[in-house]
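Beneath this line is the structure, given in structure tokens, with notes to follow.
The values are calculated or read from the model by the stated rules, or taken from the named source; none is laboratory data. Keep in mind that this is a model prediction, so the values were computed, not measured. Glycine gets a Cβ as well: all are built from the backbone with ideal geometry, and neighbour counts include every protein chain shown.
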Amino acid sequence: MSALPRLARALALAPALIASLALFAMMTMTFADVVLRSAFNAPIEAATELTRLMMAVIVFSALPLVSGAGRHIAVDLTDPLFTAFAARIRDAAVNLACGLMLWWPAGRAWDLAQRAAGFGDVTEYLGIPEFYPAAFISAACYVTSVVRIVRGVLCVAAPRALLAATPAASIE
């Protein structure tokens with residue numbers, strides 16, 4: 001096994017674990033909320049707030065993983081029009097453009113996190129500082145941006161290595 005697939009798997013472990021734990025916690029909380037609501041007429045008051053926070057954690061933890069593996073939804077209506085080389089150039093351009101464009105929302109999320117920290121904004125029920133989820137979203141977007149840029153470079157510079165790192169990808 002070459003170094004790139006091992007490195008990709010090692011780097012993917014932490015975000016996958018975070019997303020998995022958040023999903024499990026959300027599932028457990030939802031089950032408990034339904035049971036408490038139905039059996040005892042005592043719902044978990046902060047369930048909506050926790051669901052919102054955990055959904056953000058799940059989505060933004062998985063974003064670099066999905067981007068790195070090239071698993072975004074894609075419509076391949078024009079694929080027959082591209083040769084293998086042209087498809088690699090197209091994929092590189094799309095990945096580089098997406099990576100560069102994602103840098104702006106990452107910075108904007110960081111600005112919003114800083115503003116929330118400055119104002120001392122907290123969530124309604126649990127009083128969790130709003131800075132934490134916004135900073136997490138910003139960090140995940142920055143990581144995803146770098147992943148997309150690296151993937152774009154690999155599309156041209158080392159397509160075989162990219163194929164080895166993402167076995168489900170279809171680079172010809």
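Data for the structure
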quantity	calculated
Any hit, the stretch 113-120, residues being farther than 23 Å from residue 9 by Cα and part of a loop (DSSP other than H, G, I, E, B)	yes
Answer residue from the stretch 67-117, given it is more than 25 Å from residue 129 (Cβ to Cβ) and acidic (Asp, Glu) and is modelled with the highest pLDDT among those	91
Any chance residue 56 is in a helix (DSSP H, G or I), out of contact with any Lys or Arg (no Cβ under 8 Å at 6 or more places or on another chain), without any contact (Cβ under 8 Å) to a residue 40 or more places away in the chain and of a type outside the set (Val, Ile, Thr)	no
Yes/no for residue 107 being loosely packed, with under 15 Cβ neighbours inside 10 Å and in a loop (DSSP other than H, G, I, E, B)	no
Exclusive hit being surrounded by 15 or more Cβ atoms within 10 Å (Cβ to Cβ) and in contact (Cβ under 8 Å) with a residue 40 or more places away in the chain, set 45, 49	49
Failed item in (1) touching a Phe, Trp or Tyr at 6+ places or on another chain (Cβ under 8 Å); (2) under 30 Å from residue 45 (Cβ atoms), with residue 103 passing the rest	(2)
Residue among 14, 22, 32 that is part of a helix (DSSP H, G or I), under 30 Å from residue 151 (Cα atoms) and either modelled with pLDDT of 95 or more or of a type in the set (Phe, Trp, Tyr) (or both)	22
Only listed residue being on the phi < 0 side of the Ramachandran plot, modelled with pLDDT of 95 or more and in contact with a Leu (Cβ under 9 Å, 6 or more places away or on another chain), chosen from 132, 125	132
Answer residue from the stretch 154-172, given it is within 16 Å of residue 64 (Cβ to Cβ) and modelled with pLDDT of 75 or more and is surrounded by the most Cβ atoms within 10 Å (Cβ to Cβ) among those	162
Condition broken by residue 77, with the remaining ones in (1) in a helix (DSSP H, G or I); (2) more than 26 Å from residue 47 (Cβ to Cβ) satisfied	(1)
Residue within the stretch 113-133 that is touching a residue at least 24 places away in the same chain (Cβ under 8 Å), over 14 Å from the mean Cα position of the chain (by Cα), under 25 Å from residue 161 (Cα atoms) and surrounded by 11 or more Cβ atoms within 10 Å (Cβ to Cβ) present	no
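A quick yes/no check of all residues on (1) crowded, with 16+ Cβ neighbours inside 10 Å; (2) small (Gly, Ala, Ser); (3) closer than 14 Å to residue 151 by Cβ:
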| position | (1), (2), (3) |
| --- | --- |
| 56 | yes, yes, no |
| 67 | yes, yes, yes |
| 70 | yes, yes, yes |
| 85 | no, no, no |
| 88 | yes, no, yes |
| 91 | yes, no, yes |
| 95 | yes, no, yes |
| 100 | no, no, yes |
